[in-house]
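In what follows, a structure is listed as structure tokens, so that the remarks can point back to it.
The values are calculated or read from the model by the stated rules, or taken from the named source; none is laboratory data. All values derive from a computational prediction rather than experimental measurement. With ideal geometry, Cβ positions are generated from the backbone for all residues, glycine too; neighbour counts draw on all protein chains shown.
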Amino acid sequence: MKDTGERGKILSGVRVIDFTDALAGPVCTRYLADCGCEVINVERPEGKVARTLPFFKDGHCAEFIQYHCGKKSIAVDLKAKGARDLILKLAKVSDVVVENFRPGVMAKSGLDYRSLREANPAIIMCSISGWGQTGPHAELMGVDLLIQSARGLAHMSSEPGDRPRFAGFAVSDILAGVNAFGAICAALYRRSITHEGECIDVGLADCLLAGLGNAVGTHILSKGEAEMRYMVGSFSPDMSPCGAYRGRDGYMTIFVRTDEGWERLAEAMGKPELASDPRFSTVAERLKNNTLVTELVEEWLRGFESVGDASVLLQSYRLLASPIMSLARVIDEDPQTRQRGMIKEMDHPTLGPFKFLNTPLRFSNSRACVDEPPPVDVGQHTESVLRDVLMLDQSEIARLRAEGVIFGPSEEDSKT
């Protein structure tokens, strides 16, 4: 690590070797790249699976474009003779290694933590897998849908007796990626004090279970007699009014958690008498009469030109309310998204001006943001990394290419 001065990116000077593919690992290393790490993405000669996943258009994958910004690509055949020595040389001058192979794969390649530590005692290695590196499920396949199934989320997201439902995005991958990022930052801080490396074990299943704290607490506190269910469909099973309500131009969410909140809503609606109406005076009674509650709320909403106007009024009463927006509107029209800089337009080498998702992290005395598009070509930076990081000369690079260890565009060829 090296000091790059004030207002630099917060993790500038940290070098990361990234063996990860879709999705938890790339989430983690995208955060590291946005924070200033030099992330060297080790790809197979044929490229990462993430380059080929849907949505796919004009030779580009949406997932790869968004989660591999700011990273360098080197292409190495890890099965080739000489590949292990090359990676160990790179580990000697790096700070962090991140991988999300199945447990045991790195050991078979001679690149497990013990081997990396021999090359660099200060190295930090983070292994991300479906179930973690230990336990009876460690060797099992573990992608997000399986983790949602096996850790209770799919069950909790359905009505009793109905077909289980999944979250609308890869929640366990995102949680694991963010947890891995946090763990790596903690290990870097500890190393700055002790000068010792670290081996980090992050499992998608553990991260998802840790995210279900309220449900876990409900089960333990009730000694198994109560079971928490997350919202299914448009309305909460536990609170009222709480859900999606139709207005003249669309839907909005209203979330009333307390009886006091119901009183404020009744006042905002111009019907303060509803607060003392025995059909609605408690959460339990409102749940019994939830259909009528919905009718009253939606009748009131039809008096507004837009649900946005209704939301502004409810917020003035300190009530939880928001229009339900499409992702397209969030990206293209929302002033909060724009002011926070969450979408950043940059030039892509083949797509031209392109909108990239920015990091959600904000710091007062340093920076974190997306600055570079993802590498277009597999192994786009192979030669520059070997030359500038490992100080290999052109003849050594040519030998590794001839022996089938490295791949990617040749800088000599690109000049002709």
Quiz item: Is there a residue in segment 25-45 that is at pLDDT below 95, assigned by TED's automatic domain parsing to the domain that holds ILE184 and at negative phi?
Solution: no
Exercise. Inspect segment 154-169 for any residue being surrounded by 14 or more Cβ atoms within 10 Å (Cβ to Cβ) and either modelled with pLDDT of 95 or more or part of a strand (DSSP E or B) (or both) and give the result as yes or no.
Key: no
Practice problem: Output the number of the condition that VAL297 fails; it satisfies all remaining conditions of (1) within 35 Å of the chain's Cα centre (by Cα); (2) surrounded by 17 or more Cβ atoms within 10 Å (Cβ to Cβ); (3) closer than 21 Å to ASP259 by Cβ. | Solution: (1)
Quiz item: Among all residue pairs at least 6 apart or on different chains, which show Cβ distances below 6 Å where the first residue, located in segment 71-99, is closer than 26 Å to ASP201 by Cβ and the second is outside any strand (DSSP E or B) and hydroxyl-bearing (Ser, Thr, Tyr)?
Solution: ILE74/THR382; LEU78/SER109; VAL98/THR20; VAL98/THR29
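Could you tell me how many of the residues in segment 305-319 are farther than 30 Å from LYS355 by Cα and either in contact with a Leu (Cβ under 8 Å, 6 or more places away or on another chain) or not assigned by TED's automatic domain parsing to the domain that holds GLU260 (or both)?
From segment 305-319, those farther than 30 Å from LYS355 by Cα are 305, 310, 313-319; that's our starting set.
Checking which are either in contact with a Leu (Cβ under 8 Å, 6 or more places away or on another chain) or not assigned by TED's automatic domain parsing to the domain that holds GLU260 (or both) leaves us with 310, 314, 317, 319.
Here the count works out to 4.
Enumerate the helices (runs of 4 or more DSSP H) found wholly within segment 296-344, keeping only those where 3 or more residues are within 23 Å of GLN66 (Cβ to Cβ). Spell out how you get there, then give the answer.
Numbers: elements: 307-316, 327-332, 335-339.
Of the helices (runs of 4 or more DSSP H) lying wholly inside segment 296-344, those with at least 3 residues that are within 23 Å of GLN66 (Cβ to Cβ) span 327-332, 335-339.
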Quiz item: Just checking, how many residues over segment 345-368 are among the aromatic types (Phe, Trp, Tyr) and not in a loop (DSSP other than H, G, I, E, B)?
Solution: 2
Quiz item: Any idea which of VAL42, VAL49 is free of Cβ contacts under 8 Å to residues at least 60 places away in the same chain, under 19 Å from SER109 (Cα atoms) and of a type in the set (A, V, I, L, M, F, W, C)?
Solution: VAL42
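Would you confirm, using the coordinates I've provided, whether ALA50 is of a type in the set (Gly, Ala, Ser) and more than 19 Å from LEU90 (Cβ to Cβ)?
Numbers: of a type in the set (Gly, Ala, Ser): yes; more than 19 Å from LEU90 (Cβ to Cβ): yes.
Yes: the conditions hold for ALA50.
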Quiz prompt | Matching residues, segment 187-206, being outside any strand (DSSP E or B) and not charged (D, E, K, R) | solution = ALA187, LEU188, TYR189, SER192, ILE193, THR194, HIS195, GLY197, LEU204, ALA205
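Within segment 369-392, track down each residue that is in a loop (DSSP other than H, G, I, E, B) and out of contact with any strand residue (DSSP E or B) (no Cβ under 6 Å at 6 or more places or on another chain). Break it down into steps so the answer makes sense when it comes.
Initial filter on segment 369-392 (in a loop (DSSP other than H, G, I, E, B)): 369-381, 389-392.
Selection gives CYS369, ASP371, GLU372, PRO374, VAL376, ASP377, VAL389, LEU390, MET391, LEU392.
Which members of segment 286-330 meet the condition of being of a type in the set (Val, Ile, Thr), out of contact with any strand residue (DSSP E or B) (no Cβ under 6 Å at 6 or more places or on another chain) and either in contact (Cβ under 8 Å) with a residue 24 or more places away in the chain or within 14 Å of PRO241 (Cβ to Cβ) (or both)? Don't jump to the end; show me each part of the working.
Here is the first cut: in segment 286-330, the residues of a type in the set (Val, Ile, Thr) are 291, 293-294, 297, 307, 312, 324, 330.
Next, from what is left, pick out any that are out of contact with any strand residue (DSSP E or B) (no Cβ under 6 Å at 6 or more places or on another chain): 291, 293-294, 312, 330.
Correct list: THR291, VAL293, THR294.
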Practice problem: Output yes when any residue across segment 260-280 is at pLDDT below 95, of a type outside the set (S, T, N, Q) and not assigned by TED's automatic domain parsing to the domain that holds LEU357, and no when none is. | Solution: no
Quiz item: Any residue at all in segment 394-410 that is out of contact with any strand residue (DSSP E or B) (no Cβ under 7 Å at 6 or more places or on another chain), on the phi > 0 side of the Ramachandran plot and touching a residue at least 60 places away in the same chain (Cβ under 8 Å)?
Solution: yes
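Has segment 349-360 got at least one residue that is among the hydroxyl-bearing types (Ser, Thr, Tyr), within 28 Å of MET252 (Cα to Cα), out of contact with any strand residue (DSSP E or B) (no Cβ under 9 Å at 6 or more places or on another chain) and surrounded by 12 or more Cβ atoms within 10 Å (Cβ to Cβ)? Even if it seems obvious, please write down each step before you answer.
Within segment 349-360, the first condition is being among the hydroxyl-bearing types (Ser, Thr, Tyr), and the residues that meet it are 350, 359.
Keeping just the survivors that are within 28 Å of MET252 (Cα to Cα) gives 359.
The next check asks that each one be out of contact with any strand residue (DSSP E or B) (no Cβ under 9 Å at 6 or more places or on another chain); those that pass are 359.
Restricting the remaining residues to those that are surrounded by 12 or more Cβ atoms within 10 Å (Cβ to Cβ) gives 359.
The answer is yes; a qualifying residue exists.
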Self-check item: Given (1) among the basic types (Lys, Arg); (2) in the same structural domain as TYR67 (by TED's automatic domain parsing); (3) touching a helix residue (DSSP H, G or I) at 6+ places or on another chain (Cβ under 6 Å), number of the condition LYS355 does not satisfy
Solution: (3)
Practice problem: Filter segment 247-279 for residues that are part of a strand (DSSP E or B) and of a type in the set (Val, Ile, Thr) and give the result. | Solution: THR253, ILE254
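Of everything in segment 175-187, what is under 11 Å from GLY25 (Cα atoms) and crowded, with 20+ Cβ neighbours inside 10 Å? Give them in sequence order.
So the first thing to find is which residues in segment 175-187 are under 11 Å from GLY25 (Cα atoms), and the list is 175-181.
Correct list: LEU175, ALA176, GLY177, ASN179, ALA180, PHE181.
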